[in-house]
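One structure is given here, and the rest of the page talks about it.
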Amino acid sequence: MASSCQESNTCVLKVDGGVWCWGTNGDGQVDATTTSDKAVPVEVTKAVKDNIAVGVGHQYTCAHKRDDSWCWGRNTWGQLGNGSTTDSRTTLVKVTVFAP
């Protein structure tokens, strides 16, 4: 199991590749379905399994597989990787923009 932490939320990557998060969730960065804070770990149920890494940023989270990545939460500066700088997302967004 691996973990990633930010000032007010934490996520762990379990051995099966599942992502579990808890903490402040104002932009949906914890459970990707709501914006209510979570005092106990919740599985990111819409996250694809077989992730190999999870990263927590300032009010956003990303899960990475070998061939793609998914992010959710705040997107003010384009941190979700979908080519947009608007709309915080409480749903998973497939990363579509990679630097060469």
Worksheet item: What number goes with the only condition from (1) of a type in the set (S, T, N, Q); (2) modelled with pLDDT of 85 or more; (3) crowded, with 17+ Cβ neighbours inside 10 Å that S4 does not pass?
Response: (2)
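Taking G78, is it part of a loop (DSSP other than H, G, I, E, B) and of a type in the set (G, A, S)? So that I can check it myself, show each step before the final result.
Working: part of a loop (DSSP other than H, G, I, E, B): yes; of a type in the set (G, A, S): yes.
For G78, the condition - part of a loop (DSSP other than H, G, I, E, B) and of a type in the set (G, A, S) - is met.
Using the structure shown, decide if K46 is basic (K, R), modelled with pLDDT under 85, within 14 Å of the chain's Cα centre (by Cα) and more than 14 Å from D27 (Cα to Cα). Break it down into steps so the answer makes sense when it comes.
On the way: basic (K, R): yes; modelled with pLDDT under 85: yes; within 14 Å of the chain's Cα centre (by Cα): yes; more than 14 Å from D27 (Cα to Cα): yes.
Yes: the conditions hold for K46.
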Discussion item. Considering only residues that are crowded, with 17+ Cβ neighbours inside 10 Å, of a type in the set (S, T, Y) and farther than 13 Å from T91 by Cβ, which ones fall in segment 25-70?
Written reply: S69
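Would you call A99 at pLDDT below 90, among the hydrophobic types (A, V, I, L, M, F, W, C), part of a loop (DSSP other than H, G, I, E, B) and within 11 Å of the chain's Cα centre (by Cα)?
On the way: at pLDDT below 90: yes; among the hydrophobic types (A, V, I, L, M, F, W, C): yes; part of a loop (DSSP other than H, G, I, E, B): yes; within 11 Å of the chain's Cα centre (by Cα): no.
When the stated conditions are applied, A99 does not pass them.
The values are calculated or read from the model by the stated rules, or taken from the named source; none is laboratory data. All figures in this text were calculated on a predicted structure; none of them were measured in a lab. Here Cβ is always computed from backbone atoms with ideal geometry, including for glycine, and neighbour counts include all displayed protein chains.
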